[in-house]
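No lab work stands behind these numbers, since they all come straight from the coordinates. Just so you know, these numbers come straight off a predicted model, no measurement behind them. Positions of Cβ are generated from backbone atoms using ideal geometry, with glycine treated the same way; all protein chains shown enter the neighbour counts.
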Amino acid sequence: MLAAARSAWPLTLRGTGAVGLGAAALVSAQSFGVPELVYVGVLLLVIVLFGWVSLWFVHRYGDVSRSFSPDVAAVGHESTVTVHATARSGLSGAVARWSDELPPGVEGDAAGLVVGAAALERMRLTYRLRATRRGVREIGPFVVIVTDPFGLTRRRHRIGGTEAVTVTPAVIALPPLSEYPGEAGGSLHTATHQLGEGTDNLIPRSYAPGDSMRRINWRASAHHDELMVRQEEQESTPEATVVLDRSEQRWAPAAAAEPGADPAFEAAVTAAVSAVARLAREGYDVSVIDTDGTPLGAPVPAGDSLAVEQLSLDLATVIAGGEDHLAAVPKLFAGTVAGPVVVVTSRVGTVDASALAPLVAHSALPILLAADSTDAALERAGSAGWRVAVLLPHGDLADAWRTASERGTTRAAV
């Protein structure tokens, strides 16, 4: 309240002193019969009044715009903000202190000093901010406190409104997958249809304009009495799935209130998008779903870093919500043999571990990242074949991923 009163007071410390001295001079002139003090008092009051008038009737304020580089901020990373503002001042000695109001979840030194009318007319200001919480954050409004050339009066003015900046979850560089390079990661698989061994036994097809002459199968051409070429190799990209458990009952109430409010849920979102980035880099097409099978973002093709950025943008505003479907996750993969399946959740109990056990038989690499779970539940999941690691709000995610992906386990029977 005291700070608000000080900001609303139109006089600086110097101006307040000048008004006090002027009033004292007028009183003393009457008390002691010194007419000269009247001139001193009136002069001080007139100077203060002139400074106040110059701020209210000479200054004109325009618009403000901001640009962010990069356009989307990420948790833990810095962005550069450039502010363009206009304000016309008729007095060359005017001084302005500016600031850009930053919301919770964004840190930075968004304040500075501008001197002179020319500088005030067209301001181009830059500062750096660091995002600490995921979500959509409103930057602004832009505040200018202008002081008259004598430093006696000031005026606080808000220019423009707020502008939103989207803060995406942090993407942590995770260690590469080291086990089962042919089955569980590392490269694109090439499937070639063959009748037997050797390139001459590849299934032939008729020659088509544009086919390379090097692909002509001369033995098949002689047999069919027409030009035949070896069938083109067909590349099939393996698929992986990341399951982010958003069940409201498994997380703290803050996780359902707004993005970035619950540290445990933030660790889960970071783990999910980081796992997607790692798997896509390993050569997988990756899908991100909720425990009920609902997609949480567009699928990420293998090796597509831009798609990972888009997924981060999709997850920037995700919050906890919905019913608990963790036990039904194995049904999503029934009748299929999937690639890696990464389940990111919280509060796994022994019943949950038993319910998730059937999924192990349908995944080349089942990884369970769980927070706030009992040792008994994690041990049961591990004995069922899951690669298990504990997910901590401020822990080392890369180390947890390494622990889970490199730990050998016994697969459950089909």
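Starting from 0.36 nm per residue, how many nanometres of slack lie between A164 and Y39 once their C-alpha separation is accounted for?
39.6 nm
Please report how far the C-alpha centroid of the stretch 276-299 lies from that of the stretch 338-414, rounded to the nearest whole angstrom.
Cα centroid to Cα centroid, the span is 17 Å.
Output ³J(HN,Hα) for the stretch 24-36: one whole-Hz value per residue in order, computed from phi by the Karplus curve 6.51 cos²θ - 1.76 cosθ + 1.60 with θ = phi - 60°, and x for Gly and Pro.
5, 5, 5, 5, 5, 4, 6, 6, 9, x, 10, x, 4
Testing the spin-label approximation: label points 7 Å from Cα along Cα→Cβ at E78 and A254. State their distance in nm.
Here the modelled spin labels are 2.7 nm apart.
What full-extension length gain, to one decimal in nm, is calculated for T336 and E226 as 0.36 nm per residue of separation minus the Cα-Cα distance?
Length gained between T336 and E226: 35.5 nm.
Run the quick spin-label model on D375 and E101: label points 7 Å from Cα toward the beta carbon, then report their separation in nm to one decimal.
Distance between the two pseudo-spin positions: 5.1 nm.
Among Y127, Y284, Y39, which comes first, then next, by fewest other beta-carbon atoms within 10 Å?
Least crowded to most crowded, the residues run Y39, Y127, Y284.
At a threshold of 8 angstrom on Cα-Cα distance, excluding pairs fewer than six apart, so keeping six or more, what relative contact order does the stretch 240-313 reach in percent?
Here the relative contact order equals 31 percent.
Would you pull out the residues with amide H under 5 Å of L296's amide H, same chain only if 5 or more places away, H placed 1.01 Å from N?
V288, I289, D290
Taking a ≥ b ≥ c as the square roots of the Cα gyration tensor eigenvalues, with a/c under 1.5 meaning rounded and otherwise prolate when a/b beats b/c, else oblate, which class fits the stretch 2-57?
Cα axes put the stretch 2-57 in the oblate bin.
Based on the mean of other Cβ atoms within 10 Å per residue, sort peptides 306-314, 344-352 so the most packed one is first.
Most protected by this proxy first, the peptides run 344-352, 306-314.
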